[in-house]
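Below is one structure, written out as structure tokens; the observations come after it.
The values are calculated or read from the model by the stated rules, or taken from the named source; none is laboratory data. Just so you know, these numbers come straight off a predicted model, no measurement behind them. Don't worry about glycine lacking a Cβ; one is built from the backbone with ideal geometry, like all the others, and counts go over all protein chains shown.
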Amino acid sequence: MNRTATIDLSSQPKSLLEEIKLTINLGWPIILSNLTQVSLPLIDGMMVGSIHNDQLAAASLVMNIISIPILLCLGLPMAISPLVSAALGNTDTKSPLEILVSGMFLGGLVAIGFALIFHFGSGMVYHLGQDAEVARISEGYLVVMGWRLIPMAIFSSVSKFAQGLGNTKLAMKLNFVTIPINIFLNYLLIFGFWGIPALELTGAGYGTLLSQLIALSVFILIILRSDKFSEYRTNLKSAFHLKWSKIRAIIKIGIPIGIQLSFESGAFALSGLMAGWLGSQQQAAHQIGFYISSLTYVVSMGICSAGSIRVAFAFGKKDWNLIHSIGKSTVFLAVLLGFTSSLLLIIGYDFIPSIFTSDLDVISIAKIVLLLTAFFQLSDALQATSIGLLQGIQDVKIPTYLSLIAYWGIGIPTGYLFAFILDWGIAGLWTGLILGLSFNALLLTIRFFRKASQSKAESLV
């Protein structure tokens, strides 16, 4: 294998500390890459917010509409990393590019479907009980952001391909370059310069779409031309013929991942809606907690992806002893990160809300939310990490059912019970989310180690 292109996934760490270092080296670029992807729509909102509050409200409306389609478009490509890494573990250098092509095809196909729905169904914004001017502004932005799903899904496929090879820094670098390009294009298209008309929020959409297309084009060119990926291009013509076996493998893993992400995102979206039933101040406090927990979740997702890639490589080798070892060190790292996040939130809960608002009533409520968010951290880190480890051994069906039970059988109903029946308010909603996440974290962690231990014992017979 060309080690200039990858982190050495086949190395055998001799201690827990070495295990953790290897996972961190693989995971930190993924964390930064995820943060830059999350920042693109935030940049749109920040830049148009200077025009009028209606522009910002319209941007928020569109992001709420397309949040679940985004997760479904990203779910299929997430199957690429463990499949590519498992192929390498099986010393198969032909399959990775075939997996990539199949993933690009599937991800692009799903994204095209959603893009067409938003293009021809953009009038939905007038039927969601929104302010008429906000709906009018959001319609064009919805159409453009719908088409943006296509390069986003394909970029994610290429990114997961490189990450599956152990090269997690390339996507990070390209995402970092995308940010200044996006800001420059947004500035031109939102406010209008050099003969370009001021397109306001729709211009922000075009800026994000164009910057994503530029990043995708550069990424594909690197994969096709760089020496770092040359050993995977030995059968380039054959790789571009779609293989049903690869498509089926991606669907088998990717669709449950997308559904799983949608269960979680949908639960948080509904909890935000229920927070609004309690009043605008409770809703604002809830949103502050959501922003903070989203940032810490990105860190957990980086560890999740790194653990998944490493476990998948060992799974390709059928080395269950290594799988068990990687699992222990990754869960230990998740617990460490969870406790650290909790400690930071407990230390900072008194002043963090003031970063977002000057309303003293909102700040008072948000302090309670952030303390609950602190208890949330360990469960969140554990469930994200365990999901990644299970994806690495291609176990995704049962975890999807467990997520459904956790979020929609426990989290939402108990949150409603505590918030509205027992009159706990916003604290009740977050208590429900904590219970749901804790259930998910416990059962997913137990499931991984039970499967790893059983398979380890069977391999020794």
Worksheet item: So which pairs qualify, if the first residue must be in segment 132-148 and in contact (Cβ under 8 Å) with a residue 24 or more places away in the chain and assigned by TED's automatic domain parsing to the domain that holds Ser122, the second must be in a helix (DSSP H, G or I) and of a type in the set (S, T, N, Q), the Cβ gap must be under 7 Å, and the two must be at least 6 apart or on different chains?
Response: Ile137/Gln55; Gly140/Thr202; Tyr141/Thr202; Leu142/Ser122; Val143/Ser122; Val144/Thr202; Arg148/Thr208; Arg148/Gln212
Worksheet item: Taking Phe118, is it assigned to a helix (DSSP H, G or I) and more than 26 Å from Ser305 (Cα to Cα)?
Response: yes
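From the list Leu236, Leu213, exactly one residue is within 27 Å of Leu61 (Cα to Cα) and assigned by TED's automatic domain parsing to the domain that holds Leu106. Which is it? Lay out the reasoning, then the answer.
Numbers: Leu236 fails: within 27 Å of Leu61 (Cα to Cα).
Answer to the selection: Leu213.
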Discussion item. Just checking, does segment 59-71 include any residue being at pLDDT below 80, more than 19 Å from the chain's Cα centre (by Cα) and outside the structural domain of Gly266 (by TED's automatic domain parsing)?
Written reply: yes
Practice prompt. Would you please list the contacts, defined by Cβ atoms under 7 Å and residues six or more apart or on different chains, that run from a residue in segment 284-301 that is closer than 15 Å to Val369 by Cβ to a residue that is among the hydrophobic types (A, V, I, L, M, F, W, C) and at pLDDT below 75?
Written response: Ile288/Phe356
Item to complete: Go through (1) under 15 Å from Ile346 (Cβ atoms); (2) crowded, with 23+ Cβ neighbours inside 10 Å one by one and return the number of the condition Ser386 breaks.
Response: (1)
Fill in: Of all residues in segment 324-373 being within 30 Å of Ala457 (Cα to Cα) and polar (S, T, N, Q), the one that is farthest from the chain's Cα centre (by Cα)
Ser325
